[in-house]
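*Asks:* So that we are looking at the same thing, I have put the structure below in structure tokens.
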Amino acid sequence: MRWVKRLFGWPRVRMYVNELIQLCTKVDENYRLMTRDEAREFQTKLEVRIREIGQKLNDTGGEELMLKVHAEVASRCQYGRYLEGVWDGIGDWMG
């Protein structure tokens, strides 16, 4: 667990937290600004990146690091549950 705390302090992991918050916010904003079909297409593209970040976190620190990042994202915005679903199936993650 100590190594996960050290990894969580890495600038790259902090960058991922901020990027995840921005991506999730964009998904929500675009549902209000676009037609349903346009928003869904845009959401699908953003979810590819969200899953890439989840996979990188899993490759680096496994589910423990993903849980830590998820907790940080959920504490800073309202998209924790959404993130859980998008990450479903990455490593041992079950959304």
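The values are calculated or read from the model by the stated rules, or taken from the named source; none is laboratory data. The model shown is predicted, which means the values in this text are computed figures rather than measured ones. As a convention, Cβ positions derive from the backbone with ideal geometry for all residues, glycine included, and neighbour counts pool all protein chains shown.
*Asks:* Within the range 31-45, can you find the residues that are modelled with pLDDT of 90 or more and of a type in the set (Val, Ile, Thr)?
*Replies:* Selection gives Thr44 alone.
*Asks:* Next question, about the same structure. Mind checking which residues of the range 30-64 are among the polar types (S, T, N, Q), out of contact with any helix residue (DSSP H, G or I) (no Cβ under 9 Å at 6 or more places or on another chain) and closer than 18 Å to Val17 by Cβ? Before the answer, list the steps.
*Replies:* Of the range 30-64, the ones among the polar types (S, T, N, Q) are 30, 35, 43-44, 55, 58, 60.
Retained after the next criterion (residues that are out of contact with any helix residue (DSSP H, G or I) (no Cβ under 9 Å at 6 or more places or on another chain)): 35, 44, 55.
Once the filter is applied, which keeps residues that are among the polar types (S, T, N, Q), out of contact with any helix residue (DSSP H, G or I) (no Cβ under 9 Å at 6 or more places or on another chain) and closer than 18 Å to Val17 by Cβ, the range 30-64 yields only Gln55.
*Asks:* Please find, within the range 54-81, the residue that is nearest to Thr25 (Cα to Cα) out of those that are among the hydroxyl-bearing types (Ser, Thr, Tyr) and surrounded by fewer than 17 Cβ atoms within 10 Å (Cβ to Cβ). Full working, then the answer.
*Replies:* Taking the range 54-81 first, the residues among the hydroxyl-bearing types (Ser, Thr, Tyr) are 60, 75, 79.
Now drop any that are not surrounded by fewer than 17 Cβ atoms within 10 Å (Cβ to Cβ), which leaves 60, 75.
Details: Thr60: 25, Ser75: 14 Å.
Among those that are among the hydroxyl-bearing types (Ser, Thr, Tyr) and surrounded by fewer than 17 Cβ atoms within 10 Å (Cβ to Cβ), it is Ser75.
*Asks:* Given the criteria of a type in the set (Gly, Ala, Ser) and either on the phi > 0 side of the Ramachandran plot or assigned to a loop (DSSP other than H, G, I, E, B) (or both), does Gly61 qualify? Don't jump to the end; show me each part of the working.
*Replies:* On the way: of a type in the set (Gly, Ala, Ser): yes; either on the phi > 0 side of the Ramachandran plot or assigned to a loop (DSSP other than H, G, I, E, B) (or both): no.
It is false that Gly61 is of a type in the set (Gly, Ala, Ser) and either on the phi > 0 side of the Ramachandran plot or assigned to a loop (DSSP other than H, G, I, E, B) (or both).
*Asks:* Okay, next question. If you scan the range 59-76, which residues turn out to be out of contact with any Lys or Arg (no Cβ under 9 Å at 6 or more places or on another chain), under 14 Å from Arg12 (Cβ atoms) and not charged (D, E, K, R)?
*Replies:* Leu65, Val69
*Asks:* What do you reckon, is Arg36 without any contact (Cβ under 8 Å) to a residue 60 or more places away in the chain and under 13 Å from the mean Cα position of the chain (by Cα)?
*Replies:* Taking the combined requirement at face value, the residue does not satisfy it.
*Asks:* For the range 46-56, which positions are of a type outside the set (D, E, K, R), touching a Leu at 6+ places or on another chain (Cβ under 7 Å) and at pLDDT 95 or above?
*Replies:* Those that are of a type outside the set (D, E, K, R), touching a Leu at 6+ places or on another chain (Cβ under 7 Å) and at pLDDT 95 or above: Ile50, Ile53.
*Asks:* How many residues does the range 26-53 contain that are exposed (fewer than 12 other Cβ atoms within 10 Å of the Cβ) and among the hydroxyl-bearing types (Ser, Thr, Tyr)?
*Replies:* Qualifying residue count for the region: 2.
*Asks:* Continuing with the same structure: Tell me which of these Gly95 doesn't satisfy, since it passes every other one: (1) at pLDDT 90 or above; (2) outside any helix (DSSP H, G or I).
*Replies:* The number of the failed condition is (1).
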